[in-house]
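These notes concern the structure reproduced below.
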Amino acid sequence: MSTQDFDALHDFDYIIVGAGAGGSVLANRLSADPAVRVLLLEAGLEYPGSQTPEFFRRRVLETGLEQTMGAMRLPEYYWTGVTARRTPDRQALPYIRGKGAGGSSTVNGMVAVRPEPADIDGWAAMGATGWGWDDFLPSLCKLESDLTYGDKPWHGGDGPIPIWREPEQGWGDVDRALYECGKQDGCAEHDDYNEPGSTGLSRYPSNNTADGLRVSTNIGYLDPARGRANLTIRGNSQVDLVVIRDGRAVGVRLVDGTTVDAAPGGEVILSAGAVHTPPILLRSGIGPSAELARLGVTTVADLPVGEGMQDHAICAIDFVPTEDRFYAEDLRATNTTIRFSSALPGTQPNDVVILGTNHNYWFGNQNSGLAVQLNEAWTRGRLTLPSADPSVDPVLEHDLLSDPTDYARMKEGLDRAWDFLGRPEFRKLMVGDPWGPRTRAEIMAQVKDVVHACSTARMGQPDDPAAVVDPRCRLLGLDGLRVVDASIIPKVVSANLHLTVIAIAERASELILADR
């Protein structure tokens with residue numbers, strides 16, 4: 001039911017804001033009970049997954065991390081106004097997020113890797129009671145249909161999202177060279193990257209079918225639920241703020257002024273993502289009181305919204321490949337990885353990963369090389385809102401690698417990548433010499449984020465000054481309002497966020513239904 005007029009939209013048990021990786025899951029799971037009325041509001045386009053543009057269905061996008069040119073050509077599928085400053089002395093540049101049904105799951109790099117068990121147990125230790133590894137693993141299994149290891153007890157075989165690993169015959173030359181260098185160094189070989197306790201050399205899993213087609217949450221979760229009479233999905237419906245009366249969320253107001261009401265006792269669930277949920281909260285009067293005063297917004301709840309944001313840092317070393325390189329049709333940018341542990345004091349396992357880049361889609365060119373991603377990060381930044389005007393986009397201040405441990409392990413990863421690129425396995429693939437950062441100044445000038453913003457409305461105990469929501473995703477000090485997206489992650493996980501966010505929504509849907 002996606003064609004109703006807003007005059008008829010009221011008395012919903014759940015109003016979900018955002019149809020991305022979190023909201024799509026919630027819409028499916030909560031509307032499975034025909035007695036529950038669910039409204040899903042999406043700021044961008046609402047369309048069946050079968051109508052996803054071909055540009056997004058294949059495994060290779062024309063652009064990646066920066067995505068600036070591709071995004072500007074397709075603004076209906078991207079948020080184009082958000083900016084991020086990677087380090088304090090650099091210019092703020094676009095920070096592109098997916099827009100429309102499926103959100104960033106429609107436009108991302110399809111890296112389907114899981115967090116480390118230590119990451120999730122760390123959440124519980126930080127006050128996210130009920131979110132330890134043993135609680136979270138069932139949600140990870142529920143979401144997936146692992147096409148290789150679906151029969152293993154730590155995997156799922158019949159979930160909405162297929163997990164694929166490219167067979168060796170489909171690897172590029174860089175994949176093969178990286179794998180060989182890892183074996184020379186004695187790295188363990190764990191084909192299943194997502195098996196708890198795995199490390200070293202692995203194939204990189206992705207969320208696509210065996211014939212290479214992306215499966216977003218729009219395809220995997222929303223499509224099966226679209227025919228339900230109790231689920232209403234509305235696109236082009238950007239939310240300005242949550243309407244709060246007497247300490248309870250009672251509905252939302254759209255940017256066009258339309259108000260949509262929840263049923264008595266109903267709930268509003270913000271799933272607009274770690275970048276777009278905080279502005280809604282701030283405009284609603286939920287955030288640091290000093291920030292709200294600056295914005296001219298009356299404080300409803302003085303909470304640290306936007307503070308403590310995290311992302312993954314990445315640096316790349318490039319080279320020009322020879323003309324006779326192996327380049328399979330629809331070749332994924334990276335199929336093999338090496339994870340290792342820096343073993344620096346206080347760090348977690350697999351805190352650094354080296355990726356092969358058969359073609360550097362991250363920067364919109366055909367160079368090859370290696371990239372070093374900091375899986376575990378200690379650095380924290382912040383998200384701010386320049387104005388309470390809903391047409392004004394937030395600004396992210398990452399301050400990447402400002403933590404000395406983060407810088408040290410990035411440097412260790414780059415030193416190792418430079419060593420690999422000097423070996424015969426790589427030298428035979430390149431024209432001339434590779435280029436990339438070596439010195440501190442060069443590293444700080446090049447380091448980028450991986451567009452994995454999280455922790456802008458952290459989960460924790462009510463007495464935690466860093467917490468915004470409790471372990472049941474409820475806003476502290478308010479009734480009828482929850483956040484279910486990457487915002488609530490207490491500390492960034494040692495993995496790309498896609499599967500983690502889907503699993504968060506799976507877990508949260510169980511808690512929400514139990515509370516009902």
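The values are calculated or read from the model by the stated rules, or taken from the named source; none is laboratory data. Values in this document were obtained by computation on a predicted structure and should not be read as measured data. Heads up, the Cβs are rebuilt from the backbone with ideal geometry, glycines too, and the neighbour counts pull from every protein chain shown. Side chains included, ligands, DNA and RNA excluded: accessible areas come from the protein's heavy atoms. Shrake-Rupley method; radii C 1.70, N 1.55, O 1.52, S 1.80 Å.
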Problem - Exclusive hit being over 19 Å from the mean Cα position of the chain (by Cα), open to solvent by less than 40 Å² (accessible area, probe 1.4 Å) and hydroxyl-bearing (Ser, Thr, Tyr), set Tyr149, Tyr179 - result: Tyr179
Handout entry: Set Gly235, Gly197, Gly170, Gly186: member being at pLDDT below 95 and either of a type outside the set (A, V, I, L, M, F, W, C) or out of contact with any helix residue (DSSP H, G or I) (no Cβ under 8 Å at 6 or more places or on another chain) (or both)
Key = Gly170
Exercise for the section: Evaluate the following for Gln169: is it open to solvent by 60 Å² or more (accessible area, probe 1.4 Å), over 29 Å from Gly122 (Cα atoms) and touching a residue at least 60 places away in the same chain (Cβ under 8 Å)? Expected result: no
Exercise for the section: Scan the range 201-227 residue by residue and report those that are out of contact with any His (no Cβ under 6 Å at 6 or more places or on another chain) and more than 30 Å from Asp33 (Cα to Cα). Expected result: Leu201, Arg203, Tyr204, Pro205, Ser206, Ala210, Asp211, Gly212, Leu213
Completion exercise
Given the conditions (1) open to solvent by less than 20 Å² (accessible area, probe 1.4 Å); (2) farther than 30 Å from Arg416 by Cα; (3) of a type in the set (D, E, K, R), every one holds for Asp311 apart from (2)
Handout entry: Hits in the range 202-238 - residues which are of a type in the set (A, V, I, L, M) and either free of Cβ contacts under 8 Å to residues at least 12 places away in the same chain or farther than 20 Å from Ile504 by Cβ (or both)
Key = Ala210, Leu213, Ala229, Leu231, Ile233
Completion exercise
Considering the range 318-333, residues that are at pLDDT 90 or above and not charged (D, E, K, R), and then whichever is farthest from Ala417 (Cα to Cα), we arrive at Thr322
Handout entry: Filter result for Leu513 (outside any loop (DSSP other than H, G, I, E, B), open to solvent by less than 20 Å² (accessible area, probe 1.4 Å), among the aliphatic types (A, V, I, L, M) and touching a residue at least 12 places away in the same chain (Cβ under 8 Å))
Key = no
Exercise for the section: Examine the range 339-362 for a residue that is open to solvent by 10 Å² or more (accessible area, probe 1.4 Å), of a type outside the set (Phe, Trp, Tyr) and part of a strand (DSSP E or B), and state whether such a residue exists. Expected result: no
Handout entry: Yes/no for Gly369 being under 27 Å from Ala21 (Cβ atoms), among the small types (Gly, Ala, Ser) and in a strand (DSSP E or B)
Key = no
Problem - Single residue of the range 74-101 satisfying the filter (open to solvent by 10 Å² or more (accessible area, probe 1.4 Å) and aromatic (Phe, Trp, Tyr)) that is nearest to Ala210 (Cα to Cα) - result: Tyr77
Exercise for the section: Would you confirm whether any residue within the range 413-422 is buried (at least 23 other Cβ atoms within 10 Å of the Cβ), closer than 22 Å to Ala453 by Cβ and touching a residue at least 24 places away in the same chain (Cβ under 8 Å)? Expected result: yes
Handout entry: Residues of the range 372-392 classified as part of a loop (DSSP other than H, G, I, E, B), of a type outside the set (Val, Ile, Thr), open to solvent by less than 60 Å² (accessible area, probe 1.4 Å) and closer than 22 Å to Ile489 by Cα, total
Key = 4
Handout entry: Single match in Asp134, Asp191 (criterion: open to solvent by 40 Å² or more (accessible area, probe 1.4 Å), out of contact with any Gly (no Cβ under 9 Å at 6 or more places or on another chain) and free of Cβ contacts under 8 Å to residues at least 12 places away in the same chain)
Key = Asp134
Exercise for the section: From Glu116, Glu76, grab the single residue that is modelled with pLDDT under 95, among the acidic types (Asp, Glu) and on the phi < 0 side of the Ramachandran plot. Expected result: Glu76
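Take Val320 and tell me if it is β-branched (Val, Ile, Thr), open to solvent by 50 Å² or more (accessible area, probe 1.4 Å) and part of a strand (DSSP E or B).
Here the answer is yes, as Val320 does meet what is asked.
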Practice task
Residue by residue through the range 251-285, note down the ones that are open to solvent by 20 Å² or more (accessible area, probe 1.4 Å), in a strand (DSSP E or B) and of a type outside the set (D, E, K, R).
Solution key: Thr259, Pro264, Gly265
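Does the range 92-101 contain at least one residue that is assigned to a helix (DSSP H, G or I), within 19 Å of the chain's Cα centre (by Cα) and farther than 26 Å from Gly197 by Cβ?
Filtering the range 92-101 down to residues assigned to a helix (DSSP H, G or I) leaves none.
No, the range 92-101 contains no residue that is assigned to a helix (DSSP H, G or I), within 19 Å of the chain's Cα centre (by Cα) and farther than 26 Å from Gly197 by Cβ.
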Practice task
Working carefully through the options Asp302, Asp318, Asp330, Asp261, find the one that is among the acidic types (Asp, Glu), farther than 30 Å from Arg427 by Cβ and in contact (Cβ under 8 Å) with a residue 24 or more places away in the chain.
Solution key: Asp261
Exercise for the section: Go through (1) crowded, with 23+ Cβ neighbours inside 10 Å; (2) modelled with pLDDT of 95 or more; (3) not in a loop (DSSP other than H, G, I, E, B) and name the single condition Ser104 misses. Expected result: (2)
Practice task
For the range 32-73, name all the residues that are modelled with pLDDT under 95, open to solvent by 10 Å² or more (accessible area, probe 1.4 Å) and among the aromatic types (Phe, Trp, Tyr).
Solution key: Phe55
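Search the range 107-130 for residues being in a loop (DSSP other than H, G, I, E, B) and in contact with a Lys or Arg (Cβ under 7 Å, 6 or more places away or on another chain), and hand back the single one that is surrounded by the fewest Cβ atoms within 10 Å (Cβ to Cβ).
Met126
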Exercise for the section: Filter the range 423-439 for residues that are within 17 Å of Tyr179 (Cβ to Cβ) and loosely packed, with under 13 Cβ neighbours inside 10 Å and give the result. Expected result: Pro424, Lys428
